[in-house]
Amino acid sequence: MRHLPPLNALRVFEVAARTGSYTEAASELGLTHGAVSRQIALLESWLGQRLFSRSGRRMVATPIARSFAGEVSGAFERMTAAAEACGRTDARRILRVNVPVSFAMRWLIPRLDRFHTACPSVEVVVTTVSTVHEELRGGFDVAIRRGVAGAGSWPHHRATHVLDDVDTLIMSPSLFAQRPILDLADLEDHRLLATETRPGDWIDWLEAAKLPHLIGRPRTLFDHFFITRQAVMDGLGVGIGPLPMLDIDIAMGHLVTPLPHIRVHRTGYVALLPEGTDRTAHSMRFVEWLAGESGRATPLA
């Protein structure tokens, strides 16, 4: 029988070294900070040397610990791949996906059936965050956030660009029928609806439309975009909305886009995989599916 280190302590150590924080490791593993500290101490006792040293309020992995963590992470990846290869082919895989609320409601959920058709053995569990910039925490296999996929942009994660984001003017078909916006002057007769979590939308669009004199005009403000979208659909006023996020609403006749030639390009969305994720796993297939969906000419088959 091989004389192995305590496996639970190895698991805790790998996460602590990867995230660079006992607190983040505790959050990802669903443990207390003290439990993480005790497991690290147990592994240090088994190895006979320190793995972390204190730097201010943080515990920082030593050079030898970082090297050891790389080996442990690789071993876990190989075990995961072996388990998947040897597992029952009909066993369902759980994929935990963490996304902003509006992204989930207006883009992901209407398309999920196509992923289930392509990968029937994978069960997607969707959790949401209130803003696209919310801090990354553990407990997910794939996260969607607004950002770029450049090197160093997302420490401890692999980023893949999956969706562009372009802002344009939106309004309800009924309001357009009553008071159409056919040119820029028509906008002055309408109430402007804005979103607290998207503070620059109107300013940037009005500048692109060369209407700076309207920037200081009062607006009706809502805390999240999915509330603003509902207010626009109800005909309360006009708003700024993201494409292709609203493609389905437009295709179904719930929204129209007057002055569609005036657009503001925003930072798009990326899919994030925690470092150490097996590239052949279902999480990678999900990211590839996301990127493929963003390139579809029509929102729904």
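Tallying residues that are aliphatic (A, V, I, L, M), under 31 Å from the mean Cα position of the chain (by Cα), more than 17 Å from Ile64 (Cβ to Cβ) and in a helix (DSSP H, G or I) within segment 30-53 yields 2. Would you mind stating whether Ala231 is buried (at least 16 other Cβ atoms within 10 Å of the Cβ) and not aromatic (Phe, Trp, Tyr)? Judged against the criteria, Ala231 is a match. From the list Leu206, Leu187, Leu214, the one residue that fits, being closer than 15 Å to Val264 by Cα, of a type outside the set (Lys, Arg) and either under 33 Å from the mean Cα position of the chain (by Cα) or not assigned by TED's automatic domain parsing to the domain that holds Phe286 (or both), is Leu206.
If a residue must be in contact with a helix residue (DSSP H, G or I) (Cβ under 6 Å, 6 or more places away or on another chain) and either among the polar types (S, T, N, Q) or modelled with pLDDT of 95 or more (or both), how many such residues does segment 223-240 contain? Residues that pass the stated criteria total 3. None of Val72, Val124 is modelled with pLDDT of 85 or more, in the same structural domain as Glu24 (by TED's automatic domain parsing) and either assigned to a helix (DSSP H, G or I) or more than 14 Å from the chain's Cα centre (by Cα) (or both) except Val72.
The values are calculated or read from the model by the stated rules, or taken from the named source; none is laboratory data. It should be emphasised that the depicted structure is a prediction, and the values quoted were computed from it without experimental measurement. Every residue, glycine among them, receives a Cβ derived from its backbone with ideal geometry; neighbour counts consider all protein chains shown.
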